[in-house]
Amino acid sequence: MSVRSVSGVSLLRLTEGKTSAPSVRSRKRIKVSIFRWILPNSRMPALSEIVRYADETLRLTEIEDYPNALNGLQIENSGEVTRIGAAVDGSGATIALAAARGIDLLVVHHGLFWPGLRAISGAFYRALKLAFEKNLALYSVHLPLDLHPRLGNNALLAAALGFEKTEPFLELKGQPAGLVTETTLRRDELIDRLEKSLGGAVRCIGTGPMETKRIGIVTGAAGEDIYAAAREGIDTYITGEGPHWAAVAAEELGINLFLAGHYATETFGVKALAAELSERFGVPWEFLDHPTGL
Ligand SMILES: [Zn+2]
């Protein structure tokens, strides 16, 4: 019998005696908090509970993605989580950072399988070996995290830029991939806000109006979607990175193109997700910053 079930019964009785008419949910919450106070660290959250919560919150089964995203749990551990790490990319480098910090669940936006099928050899072998040795689980979530209205990269970048009213924008795989806002803003003011929000230089191809009216945002690598974005009537397009021809297209279309960094625009979601898991399951979290330079 587990400690949890023994204490659970007695603490529930204790809780019932002290409260007037708590709902089943609030009773459960009070029970868990009292339980943690009496027996700190006596029960670490199970990996399976955290994964179930993240899968449901981010609607993993409903949102289409590229097959290589392989959303969800990519590496399992022995089943308990004591410390969460968040990183944009799952890689040998971030696995090593996580292992050194005593993290046992690493949450990433780009998982381990973007290059496709590959042999478990060389650096990839060493990364997986280290994860297994250090009991490190890895959870990856791509488009469902970009799109999420509360935890998503797009929503949080829009909020950081001060855009209060946004609507879904630019269909990708049958769902909106970004957000659009009707905001009048001088172009240099937008550059300033982007650089402050992202903590670094932003590239502006200023071939549109000096003052914005309709701004589209798609975090990550969506420069190649510039024609589709322009069809939705924007005069300014913010994304992370794009091909060289996207700058030529921006001039042809008469729109401003902001390339704000693939990595930089995708730090928001993993941080928000890790913070929410930390709060809900009572384990600490930290961001593992490992920029790609793109
Ligand atoms: Zn990305």
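A short reminder: the numbers here are calculations on the coordinates, not readings from a lab. As the structure is a computational prediction, the values presented were derived from the model and not from experiment. So basically every Cβ, Gly included, is an ideal-geometry build from the backbone, and we count neighbours across all protein chains shown.
Tabulated results
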item: Calculated diffusion of the chain, Stokes-Einstein form, Kirkwood radius summed over Cα pairs, 25 °C and 0.890 mPa s, µm²/s; result: 118
item: Extension reserve of the residue 82-residue 44 stretch, reckoned as 0.36 nm per residue once the Cα distance is removed; result: 13.1 nm
item: Burial ordering of 268, 287, fewest other beta-carbon atoms within 10 Å first; result: 287, 268
item: q = 0.13, 0.20, 0.22 Å⁻¹, region 146-260: log10 I(q)/I(0) [Debye, one scatterer per Cα]; result: -0.40, -1.04, -1.30
item: Estimated inter-spin distance, residue 224 and residue 292, nm [label 7 Å along Cα→Cβ]; result: 1.3
item: Charge dipole of region 237-294 about the Cα centre (unit charges at C-beta), most positive-ward option of 248, 259, 283; result: 283
item: Shape category assigned to region 36-179 from the gyration tensor of Cα positions, a/c cut at 1.5; result: oblate
item: Overall form of region 158-208 per C-alpha gyration tensor (a/c, 1.5; a/b vs b/c); result: prolate
item: Region 146-260, relative contact order in percent, only Cα pairs under 8 angstrom and at least six apart counted; result: 24
item: Interchain or long-range residues, amide H under 5 Å from residue 214's placed H; result: 183, 235, 236
item: With Cα atoms, 0 to 90° folded angle of helix 187-198 axis to the chain main axis; result: 30
item: Residue 68-residue 232 pseudo-label distance in nm [points 7 Å out on the Cα-to-Cβ vector]; result: 2.4
item: Local net charge near residue 202, Cβ-Cβ under 11 Å (Lys/Arg +1, Asp/Glu -1); result: +1
item: Distance between modelled label sites at residue 117 and residue 192, nm, 7 Å Cα→Cβ extension; result: 5.4
item: Beta bridges by DSSP in the chain, antiparallel share as percent, to the nearest 5; result: 50
